[in-house]
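S.K.: Dumping the structure here so I can ask a few things about it.
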Amino acid sequence: KRPAGAPDPQLARPVTKVGVVGAGLMASQLALLFARQLKVPVVMTDIDQARVDKGVGYVHAEVDKLLAKKRISADAANRTKALVTGSAAKEAFADADFVIEAVFEELSVKKQVFAEVEAVVSENCILATNTSSLSVTEMAADLLHPERVVGFHFFNPVAVMPLLEIVRAPKTSDEVLSTAFVLGKALKKTTVLVQDAAAFVVNRVLLRLMGEVANAFDEGTPADVADNALKPMGLPMTPFTLLAMVGIPVAQHVTESLHAAFGERFRVSANQQRLIDNGITSLWVADDAGRQVIPEATLALLD
Ligand code: 3HC
């Protein structure tokens, strides 16, 4: 069952143009990372031009922030901005050799995206998925070339988090896996090869952590106490702060995948479901004095 080791880097193919499917927060962060580190053209697509423009706008704004912090030169900032373009048509991927999707966390949506991309790219183009929790094997199953699919799972915030989980599906070719590892290194990430099981390694642990804090709360510990109790353990963020950053709906989808795979070890708690139903996406908010608090209305939903 264990995935074989990373194959010979000599098998890796050059990547000279990258496509990013989706222009949401994760996709935009990926576009910036690829353009900045690989210095190759990156084209983003989404379902309409407005979304595409928003994604490209995000990348440009992040580059401006780096420039203001003097993290990059004015030349590098201009070059990076020029490398990132957008299009509402997937035909823009025709000459890409690596396309990564970061669309809605739903298997049917991702399969549809891969089918559409496969119809326009060359035979050697790699299709990578940034899925948090879905089966990479399933995502490749109906493609003409399942050997081109690989899992390439980044963490939020992409610019800062060092880890990249690489997932080999049964049909992923050695060339594709090698390219993924070489690319991960070029992106300055720590690459690890993980099994194609729901939520891979890191999200299983993180979701369990968030779930157990919610359980402690259900069992009587106040929400803020349960959440803050983990701070002295050296975590960079409390579990509920992390939950807000990942997004409660994303966490819900990941938890559902984990529940389907592993049963009762993972479940969307009744109180989390109430937050979702009430459109609450963040537990902690700043009060008038700038302190982070969980508002009374949110606490009432949690009870
Ligand atoms: N984008 C770009 N850079 C960011 C950023 C963002 N969203 N958030 C923070 N940074 C940068 C800051 O600019 C700063 O860089 P600088 O030193 O060059 O100015 C650096 O990160 C440190 O930020 P701060 O000093 O503001 O704050 P912290 O030291 O508290 O670090 C953090 C912030 C890196 C987000 C840290 O709290 C952390 O590591 N949190 C845990 C995050 C985590 O676990 N992520 C995984 C989520 S799960 C996931 O993504 C999987 C998905 O599939 C669901």
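The values are calculated or read from the model by the stated rules, or taken from the named source; none is laboratory data. A quick note: this is a predicted structure, and the numbers were derived from the prediction, not measured. Cβ placement follows ideal geometry from the backbone for every residue including glycine, while neighbour counts extend to all protein chains displayed.
S.K.: Do you know which residues across segment 1-23 are at pLDDT below 95 and either under 15 Å from Phe104 (Cα atoms) or aliphatic (A, V, I, L, M) (or both)?
M.R.: Ala4, Ala6, Leu11, Ala12
S.K.: Here's another thing I want to ask about it. Going through Glu175, Glu147 one at a time, which residue ends up being closer than 21 Å to Thr16 by Cβ, among the charged types (D, E, K, R), surrounded by fewer than 24 Cβ atoms within 10 Å (Cβ to Cβ) and in contact with a helix residue (DSSP H, G or I) (Cβ under 6 Å, 6 or more places away or on another chain)?
M.R.: Answer to the selection: Glu175.
S.K.: Given the conditions (1) within 17 Å of the chain's Cα centre (by Cα); (2) at positive phi, report the number of the one that Thr191 does not fulfil.
M.R.: Condition (2) is where Thr191 drops out.
S.K.: Given the residues Val63, Val52, Val15, which is the only one that is within 16 Å of the ligand (Cβ to nearest atom) and within 22 Å of the chain's Cα centre (by Cα)?
M.R.: Result of the check over Val63, Val52, Val15: Val63.
S.K.: Would you call Phe152 within 16 Å of the ligand (Cβ to nearest atom) and either touching a helix residue (DSSP H, G or I) at 6+ places or on another chain (Cβ under 8 Å) or among the acidic types (Asp, Glu) (or both)?
M.R.: Yes: the conditions hold for Phe152.
S.K.: Got a number for residues in segment 127-144 being more than 27 Å from Val63 (Cα to Cα), of a type in the set (A, V, I, L, M, F, W, C) and either within 16 Å of the ligand (Cβ to nearest atom) or crowded, with 22+ Cβ neighbours inside 10 Å (or both)?
M.R.: 4
S.K.: Being assigned by TED's automatic domain parsing to the domain that holds Glu147, more than 10 Å from the ligand (Cβ to nearest atom) and without any contact (Cβ under 8 Å) to a residue 12 or more places away in the chain narrows it down to one residue among Lys189, Lys185; which is it?
M.R.: Among Lys189, Lys185, only Lys185 is assigned by TED's automatic domain parsing to the domain that holds Glu147, more than 10 Å from the ligand (Cβ to nearest atom) and without any contact (Cβ under 8 Å) to a residue 12 or more places away in the chain.
S.K.: Of the numbered conditions (1) assigned to a helix (DSSP H, G or I); (2) closer than 24 Å to Leu258 by Cβ; (3) among the polar types (S, T, N, Q), Thr179 fails exactly one; give the number of that condition.
M.R.: The number of the failed condition is (2).
S.K.: Given the residues Ala35, Ala82, Ala27, Ala74, which is the only one that is hydrophobic (A, V, I, L, M, F, W, C), surrounded by 20 or more Cβ atoms within 10 Å (Cβ to Cβ) and away from the ligand (no atom under 14 Å from the Cβ)?
M.R.: Within the list Ala35, Ala82, Ala27, Ala74, the selection yields Ala35.
S.K.: Specify which of the listed residues (Phe181, Phe154, Phe98, Phe114) is at pLDDT 95 or above, more than 27 Å from Ile47 (Cα to Cα) and in contact with a strand residue (DSSP E or B) (Cβ under 8 Å, 6 or more places away or on another chain).
M.R.: Phe181
S.K.: Same structure, new question: Across segment 253-297, what is the number of residues that are of a type in the set (Ser, Thr, Tyr) and in a helix (DSSP H, G or I)?
M.R.: Selection size over segment 253-297: 2.
S.K.: Right, here's the next one. Show me the helices (runs of 4 or more DSSP H) entirely contained within segment 32-133 in which 3 or more residues are farther than 23 Å from Ala186 by Cα and in contact (Cβ under 8 Å) with a residue 12 or more places away in the chain.
M.R.: Once the helices (runs of 4 or more DSSP H) in segment 32-133 are filtered for at least 3 residues that are farther than 23 Å from Ala186 by Cα and in contact (Cβ under 8 Å) with a residue 12 or more places away in the chain, what remains is 49-68, 107-118.
S.K.: Conditions first: (1) of a type in the set (Asp, Glu); (2) part of a strand (DSSP E or B); (3) away from the ligand (no atom under 16 Å from the Cβ). Glu165 passes all but one, so which condition is the exception?
M.R.: (3)
S.K.: Which of the following residues is surrounded by 12 or more Cβ atoms within 10 Å (Cβ to Cβ), under 25 Å from the mean Cα position of the chain (by Cα), over 30 Å from Ala197 (Cα atoms) and not assigned by TED's automatic domain parsing to the domain that holds Ser135: Val285, Val250, Val254?
M.R.: Being surrounded by 12 or more Cβ atoms within 10 Å (Cβ to Cβ), under 25 Å from the mean Cα position of the chain (by Cα), over 30 Å from Ala197 (Cα atoms) and not assigned by TED's automatic domain parsing to the domain that holds Ser135 holds for just one of Val285, Val250, Val254, which is Val285.
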